[in-house]
Amino acid sequence: MWVPIVAVGLCLFIKEMAVFDKSKAVRKILPSPLRQRLRALILLAAVPSAASIIFFGFKDYEASIHQNAMYSARITHELVLTQQTLISETLSFLQKLAVDETVQDPSDPACSVFLSHILQLSDRYQNLGIPGANGDLLCTAIPLAQPVNVADRPYIRKALDQGVFSVGSFQSDRAAEVISVNFAYPVIPDGQREPVGAVVAVLGLEWWSKQLMRLELPDGTKAAITDREGKIIAIHPSDETALGKELASQAAFSNPPVTGPEGEMVQGDDGIRRVMSRSILFQDGEGQPIEVSLAFPVEQVLVEARQSVLIRLAVLGSLLVLFSSLALRILEGQVIRPLGALNQAILGFEKGQIEDHILEAQTSKVSDFEQISSSFRRMSRARLAAETSERERLQQLQALLDALPDSYFRLNRDGVILEYSATEAADLLMPPEQFVGRRAADVLPAPALKLFDENMKRYHETGRAVSWEYELEINGHRVDFEARVRPIGDGDEMVLVARNISELKRAREKILLQARTDFLTRLPNRASLTAELDAAVDDANRNDQQLVLLFVDLDGLKQVNDRLGHATGDGLLKLVSQRLRGCLGPRDFAARHAGDEFVLLLRGDDPAARARAATLRVLAAMQRPFVVGAETVHISASIGSAICPQDAKTPQALLSAADQAMYSAKSSGGGRIHLFTPEIGLRNANRIRLMDDLHAGLIKDEFELHYQPIVDLKSGRVVLAEALLRWNHPELGQLAPDRFLPLAEEGGLMVQLGDAGLQRACNDLPAFRNRFGEGFQICVNHSPSELSAREHGKGLDWASYIKANTPSDASIMVEITEAALLDPTPFTLSSLRSFHDAGIEIALDDFGAGYSSLLYFLNNEFDYLKIDREFAQSAPESQRAVALCETILGLSNRLGSRAIAEGIERESQLRFFQNRNCALGQGFLFSKGLSRRQLLEFTQVVDIK
């Protein structure tokens with residue numbers, strides 16, 4: 001389109017140039033080569049003008065099409081927004097229908113009547129219906145001619161199975177007998193989880209045609225909505241014969257669109273070009289897109305744009321010819337003729353002839369030629385100044401090179417050293433005069449030369465800067481360097497800069513050593529252990545050798561930290577590491593794994609045979625007293641042993657096997673050695689599996705409370721009940737606390753279990769009080785590990801929760817064990833005070849079992865003392881048990897506490913405690929632990945006569 005116009009302009013311009021070239025004066029004054037160059041220069045100057053005309057004309061052309069494309073896209077966007085609004089309004093409409101009581105019983109005849117009334121109020125939907133869970137259409141606004149089942153509709157299944165709002169594809173509605181798009185929303189009655197059906201709204205296709213007609217599109221615009229298969233379901237202008245046909249069957253959409261900078265454009269069979277715009281209205285129930293396509297006519301716009309550009313090009317071409325002709329004539333008189341005269345004068349001087357008359361006749365007309373000599377002088381001075389500046393720049397560059405702490409070498413392509421600069425003479429392998437002019441291969445020793453050749457080859461292959469590290473022995477010392485080579489300009493020379501990095505490398509090595517060493521014990525840390533263990537296992541497997549791993553865990557370090565402080569504990573760990581190193585051979589390896597855990601690797605000749613003696617040495621070393629400052633500390637160690645490859649063949653498996661064996665030794669009491677066996681692995685796997693189940697059980701609420709009645713030994717009334725936690729394991733059945741509480745303590749779950757038990761006890765309390773009277777209390781256990789964890793902000797504040805969720809008459813009693821008071825922290829004591837301040841009674845459990853001290857009663861108040869079951873079960877036969885029980889009862893009476901005898905299983909035990917005025921009793925003689933339902937059915941008064 002642009003080529004003919006440009007061709008016309010250029011032809012006129014070239015013709016003018018030809019006339020100029022044929023001028024006799026020009027040909028006489030200027031030689032032929034100069035004339036040709038001048039003509040080419042003028043032509044070249046005209047090219048940018050012609051190019052700019054074409055470029056900006058093309059931009060205007062694009063802008064016209066882009067404006068129409070944006071208009072088409074906006075209309076399409078409005079249609080999409082209309083559809084999205086329809087879907088949003090339909091969702092809200094169906095949500096409101098789904099909660100209506102009439103709709104929630106679709107089998108009721110009143111449902112169809114209700115939907116019929118609703119349908120009459122809406123001019124949008126063709127039908128409303130409710131299919132049941134099996135797909136049968138149970139309720140519909142339009143009566144059915146025959147039963148209809150829509151279970152095969154994907155959007156129905158999605159609404160029923162997933163319980164979400166679902167949009168169907170374009171289909172033939174079986175009830176309304178129209179082509180439509182349907183929407184479904186699940187109907188879930190109150191109190192149920194599964195839907196009884198889905199409420200469905202039917203939207204007929206004529207709605208889409210109306211939406212297209214409302215757009216008020218310009219003449220010639222074609223719009224269509226197509227389904228997932230590309231078939232037309234609505235078209236503008238309206239054409240019922242086109243519905244159901246492929247979009248490509250329509251003249252406006254018959255040819256594939258061409259994508260360009262202005263968007264998609266298509267020229268249909270009707271010969272009209274249109275800008276295409278497509279957009280997805282929504283996705284049907286199977287996730288397939290429903291699209292709207294808009295073809296906006298741009299034929300007239302293109303014609304007008306083309307005509308506008310043609311007119312501008314014609315005008316600009318004419319102006320170009322006019323101004324070019326004028327410029328050439330001026331140029332001939334002002335420049336070309338004087339220049340030709342100057343050139344002829346120079347030629348005359350070469351032949352010994354002087355043609356002053358020609359030179360004077362021409363140069364006198366132009367004053368600029370008189371300034372040529374002065375211009376030459378100015379140019380000479382400028383050149384001298386530039387050379388002086390360049391010398392100063394080179395001097396600055398040399399000063400910079402001298403100031404840098406690097407050695408500089410300039411090399412040619414063959415590696416010959418052409419120049420050097422070195423601040424430190426100690427960085428040079430030999431005096432400079434011995435290597436300038438020689439190849440690097442003649443100077444460098446073999447190891448450094450190999451690296452030099454390899455990296456120079458890489459440099460020549462890539463043409464990019466290359467760096468590497470190497471080392472030299474200078475004056476008997478190892479010196480590390482970093483070399484970097486890069487090209488100088490586009491020539492064959494290159495510059496190589498060598499930097500002394502000896503101190504930097506030593507610092508790196510030191511940092512690496514620190515990163516692989518335990519800061520406290522100076523043993524290798526876990527990172528070093530991982531690398532060493534990987535290498536050792538690989539070596540043992542490759543050479544068919546044995547490797548023994550000992551996992552050492554200190555017994556009692558926590559007590560040392562709690563009793564003497566962490567500074568003493570750190571000092572103890574340092575001494576332990578020293579003793580461990582002393583127990584090993586020269587090829588063995590020791591590392592600190594974590595906290596109070598250490599790992600020893602025995603390797604070399606027959607490590608399995610040496611393992612027994614080594615572990616005995618470790619046990620003996622750990623059992624000897626440690627003197628830390630002014631303190632003498634006694635600890636022991638639990639050791640697990642595993643052998644590669646008998647017990648494990650991979651590093652992690654070997655470490656895990658030894659860890660499991662250590663755990664077995666620790667569980668057996670500590671201070672001993674256990675060798676790994678498959679049984680240990682199985683037990684540990686069961687423990688880990690049960691630990692995982694414990695986490696899952698908390699999430700799934702698999703725990704419940706059982707309650708063991710506590711009886712008033714005078715009246716026989718049930719006045720208390722101890723809350724006992726039980727785990728309803730899905731596979732192992734009901735588990736007692738001794739099966740899962742140790743795991744809960746190990747996994748840090750005691751706070752969650754305790755909080756769950758407290759909450760359930762508070763919830764059950766009202767029902768028990770209705771059964772046993774207003775004074776009935778529930779005793780809830782609070783373990784020492786829970787107290788420790790709550791000190792760090794975990795879990796509920798029991799005092800606040802009990803006060804907020806129970807009556808204020810001490811209805812919930814908190815039971816703690818003597819272990820919590822063995823070495824009480826300030827937080828433990830403040831917790832006890834907060835219970836008393838909130839009016840909550842406290843019971844001391846297992847009193848006399850091993851840690852009893854009268855200081856407990858001096859510093860704390862207890863409302864109840866629970867006599868340990870071991871004492872109760874031994875009385876009255878054992879005189880020592882009788883004496884202890886009588887002492888505890890007397891102490892309880894004098895201090896104002898009430899005593900509870902645990903473990904009463906025989907009548908003789910009952911009579912013993914009744915005769916000694918014990919207030920309360922608990923045990924199997926009265927009842928075992930009962931579920932909530934069983935306790936509510938339990939007698940209010942136990943026969944104790």
Residue under question is Gly670, and the condition is that it be surrounded by 15 or more Cβ atoms within 10 Å (Cβ to Cβ), touching a strand residue (DSSP E or B) at 6+ places or on another chain (Cβ under 8 Å) and assigned to a loop (DSSP other than H, G, I, E, B); does it hold? yes
Can you find a residue that is among the charged types (D, E, K, R), surrounded by 16 or more Cβ atoms within 10 Å (Cβ to Cβ) and closer than 12 Å to Val202 by Cα anywhere in region 163-173? yes
Checking Ser908 against (1) modelled with pLDDT under 90; (2) more than 58 Å from the chain's Cα centre (by Cα); (3) surrounded by fewer than 22 Cβ atoms within 10 Å (Cβ to Cβ), which test does it fail? (1)
Return a yes/no flag: does region 195-218 have any residue that is farther than 22 Å from Gln171 by Cα, of a type in the set (Lys, Arg), in a loop (DSSP other than H, G, I, E, B) and at pLDDT below 75. yes
Please name all residue pairs, on different chains or six or more residues apart, with Cβ atoms under 9 Å, provided the first residue is in region 911-925 and is on the phi > 0 side of the Ramachandran plot and not assigned by TED's automatic domain parsing to the domain that holds Ser892 and the second residue is surrounded by fewer than 19 Cβ atoms within 10 Å (Cβ to Cβ) and in a strand (DSSP E or B). none
In a helix (DSSP H, G or I) and among the hydroxyl-bearing types (Ser, Thr, Tyr): is that true of Ser715 in this structure? no
What residue, of Val148, Val99, Val113, is closer than 23 Å to Ile179 by Cβ, surrounded by fewer than 18 Cβ atoms within 10 Å (Cβ to Cβ) and β-branched (Val, Ile, Thr)? Val148
Does region 174-183 include one or more residues that are at pLDDT 85 or above and of a type in the set (A, V, I, L, M, F, W, C)? yes
Hey, Leu91 surrounded by 16 or more Cβ atoms within 10 Å (Cβ to Cβ), assigned to a helix (DSSP H, G or I) and not assigned by TED's automatic domain parsing to the domain that holds Ile188 or not: no
Go through (1) surrounded by 16 or more Cβ atoms within 10 Å (Cβ to Cβ); (2) more than 25 Å from Leu281 (Cβ to Cβ) for Gln126 and report which single condition fails. (2)
Criterion (over 30 Å from Pro48 (Cβ atoms), within 53 Å of the chain's Cα centre (by Cα), at pLDDT below 70 and not in a helix (DSSP H, G or I)) met by exactly one of Gly244, Gly287: Gly287
Identify, from the list Gln646, Gln652, the residue that is free of Cβ contacts under 8 Å to residues at least 12 places away in the same chain and either of a type in the set (Lys, Arg) or farther than 15 Å from His674 by Cβ (or both). Gln652
If Leu572 meets every condition in (1) exposed (fewer than 12 other Cβ atoms within 10 Å of the Cβ); (2) over 40 Å from the mean Cα position of the chain (by Cα) apart from one, which number is that one? (1)
Reported set for region 614-667 where residues are of a type in the set (Asp, Glu) and crowded, with 18+ Cβ neighbours inside 10 Å is Asp647, Asp659
Yes or no: region 706-714 includes at least one residue that is among the hydrophobic types (A, V, I, L, M, F, W, C) and free of Cβ contacts under 8 Å to residues at least 40 places away in the same chain. no
Scan region 416-436 and give yes if some residue there is modelled with pLDDT of 80 or more, surrounded by 13 or more Cβ atoms within 10 Å (Cβ to Cβ) and among the hydroxyl-bearing types (Ser, Thr, Tyr), otherwise no. no
Select from region 697-717 the residues that are closer than 17 Å to Leu925 by Cβ and touching an Asp or Glu at 6+ places or on another chain (Cβ under 8 Å) and write down the one among them that is surrounded by the fewest Cβ atoms within 10 Å (Cβ to Cβ). Gly716
One residue from Leu529, Leu533, Leu557, Leu520 being of a type outside the set (Lys, Arg), at pLDDT 80 or above and in contact with a Lys or Arg (Cβ under 7 Å, 6 or more places away or on another chain): Leu520
Tell me which residues, restricted to region 475-491, are over 40 Å from the mean Cα position of the chain (by Cα) and modelled with pLDDT of 75 or more. Arg478, Val479, Asp480, Phe481, Val485, Arg486, Pro487, Ile488
Taking region 674-723 as the search range and keeping residues that are small (Gly, Ala, Ser) and under 16 Å from Gln734 (Cβ atoms), which one is farthest from the chain's Cα centre (by Cα)? Ala723
Go through Arg516, Arg542 for me and flag whichever is surrounded by fewer than 18 Cβ atoms within 10 Å (Cβ to Cβ), under 30 Å from Ala608 (Cβ atoms) and touching a residue at least 12 places away in the same chain (Cβ under 8 Å). Arg516
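The values are calculated or read from the model by the stated rules, or taken from the named source; none is laboratory data. In this text the structure is predicted, and so the values were computed from the model without any measurement. Cβ: placed from backbone, ideal geometry, glycine included. Neighbour counts: every protein chain shown.
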